[in-house]
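Before any comments, here is the structure.
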Amino acid sequence: MTHTNEVSTHEAAEAFTTADRCDVCGAQAWVRAFLSTGILLFCAHHARAYPAALEQADRVEDGRDGMFI
Ligand SMILES: [Zn+2]
């Protein structure tokens with residue numbers, strides 16, 4: 001057996017597109033927060049500005065990929 005399975009340790013977030021806009025300012029969104037009340041989108045700036053929203057989320061998809069500002 002020479003082949004190896006590349007097991008991803010994290011679920012791949014659904015790709016973010018230019019159609020995903022921050023719910024606060026309308027900029028390109030890079031973070032999705034799945035809350036019991038619905039899905040919120042945040043740009044990189046507002047994902048940092050509203051950490052409480054991310055903490056309350058059932059799941060967070062982060063598409064910033066190391067571009068933490
Ligand atoms: Zn924003």
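The values are calculated or read from the model by the stated rules, or taken from the named source; none is laboratory data. Bear in mind that the values here come from a model prediction, so they are computed numbers and not experimental data. Neighbour counts run over all protein chains shown; Cβ positions are idealised from the backbone, glycine included.
Observations
- Residues located in the range 8-37, provided they are modelled with pLDDT of 90 or more and charged (D, E, K, R): Asp20, Arg21, Asp23, Arg32
- Pairs with Cβ under 7 Å, 6+ apart, first in the range 42-59 and on the phi < 0 side of the Ramachandran plot and away from the ligand (no atom under 14 Å from the Cβ), second modelled with pLDDT under 95 and part of a loop (DSSP other than H, G, I, E, B): Asp58/Ser36
- Phe42 at pLDDT 95 or above and not charged (D, E, K, R): yes
- Hits in the range 28-41 - residues which are in a strand (DSSP E or B) and without any contact (Cβ under 8 Å) to a residue 24 or more places away in the chain: Gln28, Leu35, Gly38, Ile39, Leu40, Leu41
- For the range 14-41, a residue qualifies if it is within 9 Å of the ligand (Cβ to nearest atom) and among the aliphatic types (A, V, I, L, M), and the qualifying residues are Val24, Ala27, Ala29, Leu41.
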